[in-house]
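K.L.:
Sharing a structure below in structure tokens format, with a few things to ask.
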Amino acid sequence: MDINEQLVAKIKSLYPGQGFIPLHIPRFLGKEKEYLIDCIDSTFVSSVGQYVNRFEEIMQEITGAKYAIATMNGTAALHLGIRLLNVKPGDEIITQPLTFVATANAIAYEHATPHFVDVDEDTMGLSPSALRLRLEEIAELRNGVCYNKQTNNKIAACVPMHTFGLPARIDEIVEVCEEYNIPVLEDSAESLGCYYNNKHTGTFGKLGTFSFNGNKTVTSGGGGAIVTDDEQMAKRAKHLSTTAKVPHKWEYVHDEIGYNYRMPNVNAALACAQLEQLDRFIEVKRSIFSEYQAFLLDKDEIQIQQELPNTISNYWLNAIRFDNTQKRDAFLEYSNNNGVMTRPAWRLMNELDMFQESPCGPLSVAENLANTVVNIPSSVNI
Ligand SMILES: *Cc1c(COP(=O)(O)O)cnc(C)c1O
């Protein structure tokens, strides 16, 4: 058997008794039905209800953040996060090119421009050394505010992302940003249950955002969350997500343009049941990673991406890397034709039509990863 056949056989052995093997499917093994029926019986299925409040408490417990605010999806959480950082039209926001499109879209919703900086090869997340080099080249503090001296635009924020659940070098990223007074918003959509030096991802910057989409480690159908230690930001996040309505016994008064971004109670009911299983899910997902890792140990042409020693990954989507693009494409072809779903990493953001004009540093690491990485099935297999 050639390597592609062997790896596909290995994947099938991890997910026996299934026809087609998807990349990531949800598992409902806990109190999902109980909570959903209870939620329906309560009639509180929409944006007010006990499950939404409980979801926020559980998220505070899991992440260790002082505040958590439930949103209808991860993109809405990101958008609110950008709003909370007071980004103005034309500002630049540093992020990585290797990410899901929502990261860059949320920046564009506020008419800011993503400014792409390279990732590290091991974490696939924003590289603190590339960030430092780029800022040394283009950044300048004017009265304590960071500007890109080439474009004269303010650099208003930095949005690193913990790719596929591998924690990025977030402490160093935050350190570099602090030198330039750039606030950090962590896109932790993929990194629920991940830790860097025993601190949960999403709690290093000013704000962190999460996603509970159907393909994530745990799901609420659709859902998201913002976490922060800043009380003012937390209050404002909740206010903006609930149409900026001023509390009043009967009158409808809204004091700014808000959004209908709150997570519905029915989704929160599902999320609460799912979050109760997070530890178990991650245990299983880490054992799947170990299976892949052991299998690939003596295979020279394929490497598996793994967590840094001081971090804990949820191994949301396992990522393997081929020697070259030809071999990568041959594996994509063979696996997808033989009942196993595999996917290349995203097309880089700077290559998409809408972000082609965005400023970029050198991006050779991201380019190489985009040409050689494949995600392989990583669902909880029980
Ligand atoms: C899933 C994801 C999002 C968006 O979350 P949704 O809940 O689907 O809106 C944002 N960023 C990254 C990196 C993601 O993987």
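K.L.:
Sort the following peptides by mean Cβ neighbour count (other Cβ atoms within 10 Å, averaged over residues), highest first: 169-177, 138-146.
P.N.:
Top to bottom by mean Cβ count within 10 Å: 169-177, 138-146.
K.L.:
Rank-order 52-61, 270-279 by packing density, defined as the average count of other C-beta atoms within 10 Å over each peptide's residues, highest first.
P.N.:
In descending order of packing, they fall as 270-279, 52-61.
K.L.:
Percent of accessible area on region 32-276 owned by carbon and sulfur, 1.4 Å probe?
P.N.:
Roughly 51 percent of what the probe reaches on region 32-276 is carbon or sulfur.
K.L.:
Which order do peptides 112-119, 253-260 fall in by mean Cβ count within 10 Å, highest first?
P.N.:
The most tightly packed comes first, giving 112-119, 253-260.
K.L.:
For the pair Ala294 and Gln326, what calculated FRET efficiency results from E = 1/(1 + (r/R0)^6), where r is the Cβ-Cβ distance and R0 = 25 Å, to the nearest 0.05?
P.N.:
Computed FRET efficiency for Gln326 and Ala294: 0.45.
K.L.:
Expressed as a whole number of Å, what is the distance separating the alpha-carbon centroids of region 162-215 and region 58-107?
P.N.:
10 Å
K.L.:
Another question about this same structure. Given the pairs Lys216/Lys327; Lys88/Lys235; Lys206/Lys327; Lys199/Lys235; Lys149/Lys245, which span a C-alpha to C-alpha distance of over 32 angstrom in this model?
P.N.:
Lys206/Lys327; Lys149/Lys245
K.L.:
Between rounded, prolate and oblate, where does the chain land on the alpha carbon gyration tensor, with a ≥ b ≥ c its root eigenvalues, rounded for a/c under 1.5, else prolate if a/b exceeds b/c?
P.N.:
Because a/c hits 1.5 or more and a/b fails to exceed b/c, the chain counts as oblate.
K.L.:
Count the DSSP beta bridges whose two residues both fall in the chain, then state the antiparallel fraction as a percent rounded to the nearest 5.
P.N.:
70 percent
K.L.:
Additional query: Please sort by residue number the GluC sites (Glu not before Pro) in region 324-382 whose DSSP state is loop and whose Cβ has at most 16 other Cβ atoms within 10 Å.
P.N.:
Glu357
K.L.:
Can you give the accessible area per residue of the chain, in Å², using a 1.4 Å probe?
P.N.:
42 Å²
K.L.:
Before rounding to the nearest 500, sum -39500 (n - 2.57) across all DSSP H runs of length at least 4 in the chain and divide by the residue total; then give [θ] at 222 nm in deg cm²/dmol.
P.N.:
The helix contribution divided over the chain gives -11500 deg cm²/dmol.
K.L.:
With a point put 7 Å past each Cα toward its Cβ, work out how far Asn152 is from Met354 in nm, to one decimal.
P.N.:
For Asn152 paired with Met354, the spin-label model returns 2.8 nm.
The values are calculated or read from the model by the stated rules, or taken from the named source; none is laboratory data. As the structure is a computational prediction, the values presented were derived from the model and not from experiment. Positions of Cβ are backbone-derived with ideal geometry, glycine not excepted, and every protein chain shown enters the neighbour counts. Ligands, DNA and RNA are stripped out before the accessible areas are found, and what is left, the full protein with its side chains, is counted by its heavy atoms. Shrake-Rupley method; radii C 1.70, N 1.55, O 1.52, S 1.80 Å.
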